[in-house]
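Undergrad: I'd like to ask some things about the structure below.
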Amino acid sequence: FSFQENGWGASLAERLVRKCDVVNRGLSGYNTRWAKLILPRLITKSTSAESTVAVTIFFGANDSALKDLNPKQHVPLEEYAANLKSMIQYLKSVDITEDRIILITPPPLQESAWEKECLAKGDKLNRRNATTGEYAHACVQVARDCGTDVLDLWTLMQ
């Protein structure tokens, strides 16, 4: 929903108007397991890597869903980290260098607000902020390991 009114994608595009295009390839509800499978269809060698200023990889909120309560979106922590590394390696294989790749950690979860959303759908609370924090820390570590930048939203917003 980043390009909805007041979304961060819309704000970024407005700020960079006539400087560069901001292209959103985000898919609501996706996790890293699904994203790494479709990444080669979204960004190819013919995408003109030399004109790509930056690629952000912003996953973890869905991956960190609790396995017992949301098995469809849950991705184990170790697989999440491996998937991020796989996406970085793929981007490097199509000539997008690590200095143009920015990982973004999942933001903190406001459990009380999320629980209201879950209950309205007849579900139990299926995420925990502490769990999301573990995924955020893993994302930061992957960025360190791979030499990319990282925007640590989880820490900044806590």
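Undergrad: Please report the Cα spread of the range 81-158 along all three principal axes, rounded to whole Å, starting with the longest.
TA: Sorted from largest, the Cα extents of the range 81-158 read 45, 23, 16 Å.
Undergrad: Follow-up question, since we're still on this one. Expressed as a fraction of 2.2 N^0.38 Å, the rule-of-thumb size for a compact globular protein of N residues, what is the C-alpha radius of gyration of the chain?
TA: So the chain has a normalised radius of gyration of 1.06.
Undergrad: Here's another thing I want to ask about it. Just to confirm my numbers, what's the Cα centroid distance between the range 106-139 and the range 1-51 in Å?
TA: Here the answer is 24 Å between Cα centres.
Undergrad: May I ask you to list the residues of the range 64-88 whose amide nitrogen lies under 12 Å from a point 7 Å from Cα along the Cα→beta-carbon direction of Arg144?
TA: Under cut-off, by backbone N: nothing.
Undergrad: Further, regarding this structure: Which value, in Å³ per residue, describes the convex hull spanned by the Cα atoms of the range 36-80?
TA: In the range 36-80, the Cα convex hull volume per residue is 85 Å³.
Undergrad: Let me ask you something else. Could you report the accessible area of Trp8 in Å², rounded to 10, computed with a 1.4 Å probe on the protein chains as they sit in the structure?
TA: For Trp8, the solvent-accessible surface is approximately 120 Å².
Undergrad: Under 15 Å from the Cβ of Ala35, count the other residues' Cβ atoms, weight Lys and Arg +1, Asp and Glu -1, and hand me the total.
TA: +4
Undergrad: If you don't mind, another one. Using +1 at the C-beta of Lys and Arg and -1 at the C-beta of Asp and Glu, which of Ala65, Pro40, Pro107 has the Cα lying farthest in the positive direction of the dipole of the chain?
TA: The Cα lying farthest towards the positive end belongs to Pro40.
Undergrad: Please compute P(r) over all alpha-carbon pairs of the range 1-85, binned at 10 Å starting from zero, and give each bin as a whole-number percent.
TA: The distribution over the range 1-85 is 15, 39, 33, 11, 1, given as percents.
Undergrad: Charges at C-beta only: +1 for Lys and Arg, -1 for Asp and Glu. How large is the resulting dipole of the chain about its Cα centre, in Debye rounded to 20?
TA: Dipole of the chain, to the nearest 20 debye: 360 debye.
Undergrad: A further question on this structure: For the chain, what is the number of Lys pairs with C-alpha distance below 19 angstrom, counting only pairs 8 or more positions apart or on separate chains?
TA: Taking the chain as the scope, the lysine pair count is 11.
Undergrad: How large is the helix-only mean residue ellipticity at 222 nm for the chain, computed as the sum of -39500 (n - 2.57) over DSSP H runs with n ≥ 4, divided by its residue count, in deg cm²/dmol to the nearest 500?
TA: Calculated from helices alone, the mean residue ellipticity at 222 nm is -13500 deg cm²/dmol.
Undergrad: State the extension gain, in nm to one decimal, for the chain segment bounded by Arg15 and Glu50, taking 0.36 nm per residue of separation less the distance between their alpha-carbons.
TA: Additional length available on full extension: 10.4 nm.
The values are calculated or read from the model by the stated rules, or taken from the named source; none is laboratory data. Because the structure is predicted, anything quoted here is derived from the model rather than measured. Ideal geometry is used to build each Cβ from the backbone, glycine not excepted, and the neighbour counts take in all protein chains shown. All accessible areas refer to the heavy atoms of the entire protein, side chains included, with ligands and DNA or RNA removed. Shrake-Rupley method; radii C 1.70, N 1.55, O 1.52, S 1.80 Å.
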